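> Mind looking over this structure? Questions follow.
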Amino acid sequence: MTRSFPPRSALREFLESESAGGMLLIFAAILAMIVANSPLAALYHDAIHAVTGPVLTDKLGPMTVHLWINDGLMAIFFLLVGLEIKREFVDGRLASWDRRRLPFIAAAAGMAVPAAIYMGFAGGNPGLAQGWAIPAATDIAFAMGVLALLGKRAPTSLKLFLVTVAIVDDMGAVAIIALFYTAKINLLALAAAAAILGVMFAMGRMRVRGLPLYLLMFALLWYAMLLSGVHATIAGVLAAMAIPFDRTPGAPDSATSPLHRLEHGLHPWVAFAIVPLFGFANAGVDVSGLTAEQIFAPLPLGIAAGLFIGKQIGIFGSVWLSVKLGIAGRLRGATWLQVYGVAMLCGIGFTMSLFIGGLAFPGDALLVEEAKIGILMGSLAAALAGFAVLRFAPPHPEHGAVESASDAEIAADGDVRDTSEKRAMAD
């Protein structure tokens, strides 16, 4: 018998769990830094790199705790990302081109400008150019965790804007990983992955709705992708595209929709276990002997500058230009200073940046550690500056009325209607 869930807004549930998960991720990152700089450092590193499994591919060698987390559990994270992307495109905030316009523009600029700044700092150094994508990502959980600290001071429109930009940003990051961080291709394994994915789509066309069968096919797809040379986590996004979804325009998601049920079931595990575990396993950097020369080396400085400076310039600049040129309307109930604060928070790159950093410099522990330093510096600066701006920014004169209207719309539907499109609200 199919288990049903109360018809609660998927968006409200997402915002609440993402915020709480972000707080846990922040704690996990801080704990990793403390442990890595304590007498437990050797135990921490030995535990993460302990051999715990067979050789699945010659490229990876024996599986370790670190590999299971980064190549295995993160595939589930990408599965959830793919489910969220599909839901938003089919029946959410990205279901029409009018709604997609501003997030796409902001996300594109928010990836291009940081990459350009990184190349300005590090691109001229041999072996560092492949790290250009590290500062291009936004960590939605971490950023939502910072917003949660602000409570009701952060307008709902800013939370929705941040979530939507981060989802589009994730799409870009997935494309970058598939196109630029792919090893030598095994065509036979890639053909097997394509066949498995074809079977999954055929199952959807035949209205197969049982999730265990889809999850079994996802596991097979993951292994085929692992063998193919394309990073195995891409299997998560591809599998998500094949999960059936029941559209419910103007109402919360259907409780019997396979995509809704899988997203509902995965989200707590990803937000409260997988992402914090990834953060704990990857954020531990020994800074006890860190020198100014190491901090201001081209790689960490380029990443930090890309995240902290590039993100705010790219995102805020593109939003401001879009409004001034009449391409999009102002965010409801938010001042320009608050929009600027959220653009700063988009410079928190943590999870995806750490992930791309490991792919950019495979086998070079020193460069991976330098990349982590840059990610931590840039993300911390973005979090503190963004929080400060949003904490002390005066609220919009219509803040209370707009928040009440947004709460009512979220209660009725998983999405908030964008009534500001094509018009600007008064300051």
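> For the range 40-77, give me each residue that is open to solvent by 40 Å² or more (accessible area, probe 1.4 Å), under 12 Å from Leu226 (Cβ atoms) and not hydrophobic (A, V, I, L, M, F, W, C).
Asp58, Lys59
> If you take the residues in the range 276-300 that are open to solvent by 40 Å² or more (accessible area, probe 1.4 Å) and under 22 Å from the mean Cα position of the chain (by Cα), which one is farthest from Ala41 (Cα to Cα)?
Residue satisfying both the conditions and the ranking: Leu277.
> Of the conditions (1) among the basic types (Lys, Arg); (2) over 20 Å from the mean Cα position of the chain (by Cα); (3) assigned to a helix (DSSP H, G or I), Lys159 clears all except one; give me its number.
With (1) among the basic types (Lys, Arg); (2) over 20 Å from the mean Cα position of the chain (by Cα); (3) assigned to a helix (DSSP H, G or I) applied to Lys159, the lone miss is (2).
> Give the residue that is surrounded by the most Cβ atoms within 10 Å (Cβ to Cβ), with candidates limited to residues of the range 314-347 that are of a type in the set (Val, Ile, Thr) and out of contact with any Phe, Trp or Tyr (no Cβ under 7 Å at 6 or more places or on another chain).
Ile315
> Here are some conditions: (1) assigned to a helix (DSSP H, G or I); (2) under 20 Å from Leu359 (Cβ atoms); (3) hydrophobic (A, V, I, L, M, F, W, C). Ile167 meets all but one. Which one does it not meet?
It fails just one condition, (2).
> Just to be sure I understand, how many residues within the range 127-150 are modelled with pLDDT of 85 or more, surrounded by fewer than 24 Cβ atoms within 10 Å (Cβ to Cβ) and not hydrophobic (A, V, I, L, M, F, W, C)?
2
> Looking for something open to solvent by less than 40 Å² (accessible area, probe 1.4 Å), of a type in the set (Ser, Thr, Tyr) and within 30 Å of Asp246 (Cα to Cα) - is there at least one such residue anywhere in the range 19-32?
Yes, that holds for at least one residue.
> Would you please list the contacts, defined by Cβ atoms under 9 Å and residues six or more apart or on different chains, that run from a residue in the range 115-131 that is over 14 Å from Gly374 (Cβ atoms) and of a type in the set (A, V, I, L, M, F, W, C) to a residue that is assigned to a helix (DSSP H, G or I) and open to solvent by 60 Å² or more (accessible area, probe 1.4 Å)?
Ala129/Met119
> Okay, next question. Being modelled with pLDDT under 90, open to solvent by less than 50 Å² (accessible area, probe 1.4 Å), closer than 28 Å to Phe27 by Cβ and of a type in the set (D, E, K, R) narrows it down to one of Asp253, Asp170, so name that one.
Asp170
> Would you confirm whether or not the range 181-195 contains a residue that is open to solvent by less than 10 Å² (accessible area, probe 1.4 Å) and in contact (Cβ under 8 Å) with a residue 60 or more places away in the chain?
No, there is no match, as no residue in the range 181-195 is open to solvent by less than 10 Å² (accessible area, probe 1.4 Å) and in contact (Cβ under 8 Å) with a residue 60 or more places away in the chain.
> Determine which member of the set Leu83, Leu94 is of a type in the set (A, V, I, L, M), under 23 Å from Ser322 (Cα atoms) and either at pLDDT below 90 or crowded, with 21+ Cβ neighbours inside 10 Å (or both).
Leu94
> List every residue pair whose Cβ atoms sit under 8 Å apart, with the two residues 6 or more apart in sequence or on different chains, where the first one lies in the range 317-333 and is at negative phi and aromatic (Phe, Trp, Tyr) and the second, anywhere, is open to solvent by 30 Å² or more (accessible area, probe 1.4 Å) and part of a helix (DSSP H, G or I).
Between residues of the range 317-333 that are at negative phi and aromatic (Phe, Trp, Tyr) and residues that are open to solvent by 30 Å² or more (accessible area, probe 1.4 Å) and part of a helix (DSSP H, G or I), the close pairs are Trp320/Trp336.
> Shifting gears a bit: Which of the residues belonging to the range 138-167 are of a type outside the set (A, V, I, L, M) and under 23 Å from Phe27 (Cα atoms)?
Correct list: Thr138, Asp139, Phe142, Gly145, Gly151, Lys152, Arg153, Lys159.
> Quickly run through the range 256-275 and pick out the residues that are assigned to a helix (DSSP H, G or I) and open to solvent by less than 20 Å² (accessible area, probe 1.4 Å).
Pro258, Leu259, His260, Leu262, Glu263, His267, Val270, Ala271, Ile274, Val275
The values are calculated or read from the model by the stated rules, or taken from the named source; none is laboratory data. Every value quoted in this text rests on a predicted model; they were computed, and no experiment measured them. Don't worry about glycine lacking a Cβ; one is built from the backbone with ideal geometry, like all the others, and counts go over all protein chains shown. Areas reflect the complete protein model, heavy atoms only, side chains present, ligands, DNA and RNA absent. Shrake-Rupley method; radii C 1.70, N 1.55, O 1.52, S 1.80 Å.
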